[in-house]
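Peer 1: Starting off with a structure, shown below.
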Amino acid sequence: MIVGALSAWVVASLLGPAIFHVHLLRSGTSDPGVVQHTEEAFATASAYSLGGALFAALVTSAVVSVLVTRRIARQLGQVRHASGRIAAGDYTVQVPSVGMGAELDDLASAFNTMAAELARVEQTRTRLLSDLAHEMRTPVATLEGYLEGIQDGVVGADEETMTVLLHQVSRLARLAQDISLVTTAEEGRLSMHRRPVRVDELVGTAVRQASGQYAAAGIDLTAEVPGAAVGAVVEVDQDRIGQVLTNLLDNALRHTSPGGRVVVRATRDAESVRLQVADTGEGIAKEHLGHVFERFYRADSARDRAHGGSGIGLAIARSISRAHGGEVTVSSAGHGQGTTFTVELPLMVPAARRQR
Ligand SMILES: Nc1ncnc2c1ncn2[C@@H]1O[C@H](COP(=O)(O)OP(=O)(O)O)[C@@H](O)[C@H]1O
Ligand SMILES: [Mg+2]
């Protein structure tokens, strides 16, 4: 404001008198007394009006500046206050926008997005911990019960007891292994030995490994690899993709009744290969479809707990598929309609074609 006023004053006092002087002489006045008096009158009039105008400008711009600064400060104060609440662990804060231009509105909305994302992460973290505790409780309680029984002499340390104890211990060990696998894969630290593998080989191995269990359960298991897909090659870690298929086949077995049918299918298009595991089992209701890949998620927890699954199988399948640049998806027409899981992997382009 001061710089503006000073430059206005300097410019006006340099230009005004000179222009006035020229015009005065052109009007034909030659009496030096008149000229001097008229110029003095101009100087006084200019000084008063310019001084008054500059003062008024100073006052109004000061008032406007204070108002604008206050609104900006209020918005920044809200952001500062909200950061404090977030630092204290309250993720529900929202910063309202005060309509002070796009930059501040952007700041407010970026801040709100950040708070919402932090809230989501925190919620996932809490749920994971409580699910994990829940998962560990049953085996640990069983172990404790049996060991106390042995100590008190109520339970004999015979082979049957040992089998139960070993089973619970291996359940805990598998839980730890599964969790560390998912975590490693999600952090992108999964060690992989990728090499070209034919899809018919992948499908064949998985089906062969599962066939014993399927036969025992009375469920028909078949592999379907149409001619077009037979020679298709994907560059994968064979063991890990094998584990994905094993997890899917394991689920299909568990959720299909005797007399049902499970098909492992491979198809290909120009860029990718699809491995499908389709069953004629109990299906998955719509409300669960979006969640089955989450860690510890079970569509029917009461029954599945008895089956020993901890709800990590599909999370593992997803993170391994993603680590290969692929994806796994699920579809089911609903309860009793069967389920199809699809693993999509990028097709390996032969070196010759890549060069061309
Ligand atoms: N083929 C299937 N048919 C019906 N439901 C399934 C099938 N595969 C998975 N699900 C549902 O998805 C849930 C998560 O599967 P998963 O992550 O493998 O955990 P788990 O097998 O340990 O229960 C299962 O509990 C089940 O409710
Ligand atoms: Mg499973």
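The values are calculated or read from the model by the stated rules, or taken from the named source; none is laboratory data. Source: prediction; values computed, not measured. Because the Cβ atoms are built from the backbone with ideal geometry, glycine has one as well, and the counts that use them run over all protein chains shown.
Peer 1: Does residue 189 qualify as being charged (D, E, K, R) and touching a residue at least 24 places away in the same chain (Cβ under 8 Å)?
Peer 2: no
Peer 1: Out of the residues in the stretch 29-47 that are surrounded by 11 or more Cβ atoms within 10 Å (Cβ to Cβ) and of a type in the set (Ser, Thr, Tyr), state the one that is farthest from residue 10 (Cα to Cα).
Peer 2: 29
Peer 1: Checking the structure you have, find out if any residue of the stretch 257-265 is within 32 Å of the chain's Cα centre (by Cα) and at pLDDT 95 or above.
Peer 2: For the stretch 257-265, residues within 32 Å of the chain's Cα centre (by Cα) and at pLDDT 95 or above: present.
Peer 1: Within the stretch 202-275, which strands (runs of 3 or more DSSP E) (wholly inside it) include 1 or more residues that are within 23 Å of residue 322 (Cβ to Cβ) and in contact with a strand residue (DSSP E or B) (Cβ under 7 Å, 6 or more places away or on another chain)?
Peer 2: The strands (runs of 3 or more DSSP E) meeting that bar are 233-236, 261-268.
One line per residue, one yes/no per condition, for (1) of a type outside the set (Val, Ile, Thr); (2) outside the structural domain of residue 276 (by TED's automatic domain parsing); (3) modelled with pLDDT under 95; (4) near ligand 1 (Cβ under 9 Å from one of its atoms):
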site	(1), (2), (3), (4)
295	yes, no, yes, yes
305	yes, no, yes, yes
309	yes, no, yes, yes
312	no, no, yes, yes
315	yes, no, yes, yes
327	yes, no, no, no
331	yes, no, no, no
334	yes, no, yes, no
341	yes, no, no, yes
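Peer 1: How many residues, within the stretch 234-262, are surrounded by fewer than 18 Cβ atoms within 10 Å (Cβ to Cβ) and away from ligand 2 (no atom under 16 Å from the Cβ)?
Peer 2: Final tally of qualifying residues: 7.
Peer 1: If you go through the stretch 242-259 one residue at a time, do you hit one that is more than 13 Å from ligand 1 (Cβ to nearest atom) and aliphatic (A, V, I, L, M)?
Peer 2: Checked against the condition, which is being more than 13 Å from ligand 1 (Cβ to nearest atom) and aliphatic (A, V, I, L, M), the stretch 242-259 yields no hits at all.
Peer 1: Scan 38, 60, 69 and give me the residue that is within 30 Å of residue 7 (Cα to Cα), in a helix (DSSP H, G or I) and either in contact with a helix residue (DSSP H, G or I) (Cβ under 9 Å, 6 or more places away or on another chain) or touching a residue at least 12 places away in the same chain (Cβ under 8 Å) (or both).
Peer 2: Result of the check over 38, 60, 69: 38.
Residue-wise test of (1) touching a Cys at 6+ places or on another chain (Cβ under 7 Å); (2) in contact (Cβ under 8 Å) with a residue 24 or more places away in the chain; (3) closer than 23 Å to residue 185 by Cβ; (4) away from ligand 2 (no atom under 14 Å from the Cβ).
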residue	(1), (2), (3), (4)
289	no, yes, yes, yes
292	no, yes, yes, no
312	no, yes, yes, no
321	no, yes, yes, yes
334	no, yes, no, yes
337	no, yes, no, yes
347	no, yes, yes, yes
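Peer 1: Looking at (1) of a type in the set (A, V, I, L, M, F, W, C); (2) away from ligand 2 (no atom under 15 Å from the Cβ); (3) more than 19 Å from residue 216 (Cβ to Cβ), which is the only condition residue 330 fails?
Peer 2: Unmet condition: (2).
Peer 1: Sort through 12, 5, 53 and tell me the only one that's more than 60 Å from the chain's Cα centre (by Cα), surrounded by 13 or more Cβ atoms within 10 Å (Cβ to Cβ) and in a helix (DSSP H, G or I).
Peer 2: Selected residue: 12, the only one of 12, 5, 53 that is more than 60 Å from the chain's Cα centre (by Cα), surrounded by 13 or more Cβ atoms within 10 Å (Cβ to Cβ) and in a helix (DSSP H, G or I).
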